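*Asks:* Attaching a single structure in structure tokens format; questions to follow.
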Number of protein chains: 2
Amino acid sequence: MKYPNGIRKSTPFKKEDSKNKKINFANRGMSFESEINATNEYYLSHGIAVIHKKPTPIQIVKVDYPRRSRAKIVEAYFKQASTTDFSGVYKGRYIDFEAKETNQLTTFPMKNFHEHQIRHMENVRNQNGISFVLFHFSKLKETYYLDSIYLISYYDSTDGKKSIPLSYIREHGYLIEMNQIPRIPYLKIINNLYLGGHHNE
Amino acid sequence: MKYPNGIRKSTPFKKEDSKNKKINFANRGMSFESEINATNEYYLSHGIAVIHKKPTPIQIVKVDYPRRSRAKIVEAYFKQASTTDFSGVYKGRYIDFEAKETNQLTTFPMKNFHEHQIRHMENVRNQNGISFVLFHFSKLKETYYLDSIYLISYYDSTDGKKSIPLSYIREHGYLIEMNQIPRIPYLKIINNLYLGGHHNE
């Protein structure tokens, strides 16, 4: 399942992606986004944090109202996201992040980010929100937390035209250990970076 | 424009609602949701807060990929929202709210809220987020801020089956003065309730 703008996101449509899952996501058939969603469900059900994926933005053009049944959208298009994919609240703090995945081995293509997403991250930082990116290198089976300040500065210094080297992500980011439950415990990093490391998650 | 579940929300589809706007929203042709969006744009462009409306959740069933053009969604349905409409960050705090409008004069129909929206508000409160509802009584031209704790307790004490009297909203909520710019300055209330009233917005 490819997005119109070339970004591969995970499982946007539950009914149609079973094939792609097998092709793209060797990791026990669960896409990166599904793993983040499962992590967020774990956090939610354990009263740890309230973080949700935003719905995919759609431009609706035509809706039919068949009698005795619910409204049916018959023409619509994907819109470019103007913000990031995930947001929520953790111990009163605003959490905002984007999750990206690649099959590349040594770099992450910057075209996966749009100018207004970068500016959104900047705006969130200015409001003292916690803003970051989770990078998943599917072939390496490695997931990194990168504070958005490093993404923004890289983006701005290259005009958004150069891929980010994995070495840059490793230098400025944090490898996330993939647990059993929750799968991607990114709040651990936030505890250490923002909350003094004294909290359980 | 009516939502399948009977909620009237404002301007979900830009291309089709010009007629409804005239019918439903006497207030200089701008829907309540549009006024909130305009308020949020003001807050954003002035560096005051980063608050966005979440996209409408859609269940996508079928997508066509016509050659040389972008992906076209040809069958999709509205999904019930599992969270609230608006969220973002203001001075580091997580902001989360629902905006509702009615033509009623003395009550607000509770069927406009779903059980999981109420539980979402509760979850946000438990994480120390700022959670509330903006009620617009279009015929009265009055808009109220009601902290979600009062919505939750009313909902729970009536099993979600009784309309909320306007008198209850007036007793526990705050009337928002409709300014010129921004139109619905709800952050003023948040300043007073949560931030000691010392901040400009």
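The values are calculated or read from the model by the stated rules, or taken from the named source; none is laboratory data. Model, not experiment: these values are computed from the prediction. With ideal geometry, Cβ positions are generated from the backbone for all residues, glycine too; neighbour counts draw on all protein chains shown. In case anyone asks, the SASA skips ligands and DNA or RNA and just uses the protein heavy atoms, side chains included. Shrake-Rupley method; radii C 1.70, N 1.55, O 1.52, S 1.80 Å.
*Asks:* Please state which one of B:Ile130, B:Ile73 is in contact with a helix residue (DSSP H, G or I) (Cβ under 7 Å, 6 or more places away or on another chain), surrounded by 14 or more Cβ atoms within 10 Å (Cβ to Cβ) and at pLDDT 95 or above.
*Replies:* The conditions single out B:Ile130.
*Asks:* I'd like the full set of residues that are out of contact with any strand residue (DSSP E or B) (no Cβ under 8 Å at 6 or more places or on another chain) and more than 30 Å from A:Tyr43 (Cα to Cα), limited to the range A:63-88.
*Replies:* Within the range A:63-88, A:Arg67, A:Arg68, A:Ser69 qualify.
*Asks:* Still on this structure, I have one more. In the range A:32-53, which residues are of a type in the set (Phe, Trp, Tyr) and within 17 Å of A:Gly92 (Cβ to Cβ)?
*Replies:* Once the filter is applied, which keeps residues that are of a type in the set (Phe, Trp, Tyr) and within 17 Å of A:Gly92 (Cβ to Cβ), the range A:32-53 yields only A:Tyr43.
*Asks:* Which one of the conditions (1) more than 11 Å from chain A (Cβ to nearest Cβ); (2) at pLDDT below 85 does B:Glu33 fail to meet, given that it meets all the rest?
*Replies:* Of everything listed in (1) more than 11 Å from chain A (Cβ to nearest Cβ); (2) at pLDDT below 85, B:Glu33 misses just condition (2).
*Asks:* Within the range A:121-161, track down each residue that is away from chain B (no Cβ under 14 Å) and assigned to a loop (DSSP other than H, G, I, E, B).
*Replies:* Scanning the range A:121-161 gives A:Ser138, A:Lys139, A:Leu140, A:Lys141, A:Thr158, A:Asp159, A:Gly160, A:Lys161.
*Asks:* I would also like to ask the following. Identify, please: which residue in the range B:105-115 is modelled with pLDDT of 95 or more and not in a strand (DSSP E or B) and is, among those, farthest from the other protein chains (Cβ to nearest Cβ)?
*Replies:* The residue in question is B:Thr106.
*Asks:* What do you reckon, is B:Tyr42 open to solvent by 50 Å² or more (accessible area, probe 1.4 Å), aromatic (Phe, Trp, Tyr) and not in a loop (DSSP other than H, G, I, E, B)?
*Replies:* Yes, satisfied.
*Asks:* For residues that are under 26 Å from A:Lys111 (Cα atoms), part of a helix (DSSP H, G or I) and of a type outside the set (Ser, Thr, Tyr), tally how many sit in the range A:162-188.
*Replies:* Going through the range A:162-188 one residue at a time, the tally reaches 5.
*Asks:* Let me ask you something else. Filter the range A:76-103 down to residues that are exposed (fewer than 15 other Cβ atoms within 10 Å of the Cβ) and among the polar types (S, T, N, Q) and give me whichever is nearest to the other protein chains (Cβ to nearest Cβ).
*Replies:* Among those that are exposed (fewer than 15 other Cβ atoms within 10 Å of the Cβ) and among the polar types (S, T, N, Q), it is A:Ser82.
*Asks:* Starting from the range B:61-72, take each residue that is under 12 Å from A:Phe78 (Cβ atoms) and list its partners that are of a type in the set (Asp, Glu), counting only C-beta distances under 8 angstrom and pairs at least six apart or across chains.
*Replies:* Correct list of pairs: B:Val63/A:Glu16; B:Ala71/B:Asp64; B:Lys72/A:Glu75; B:Lys72/B:Asp64.
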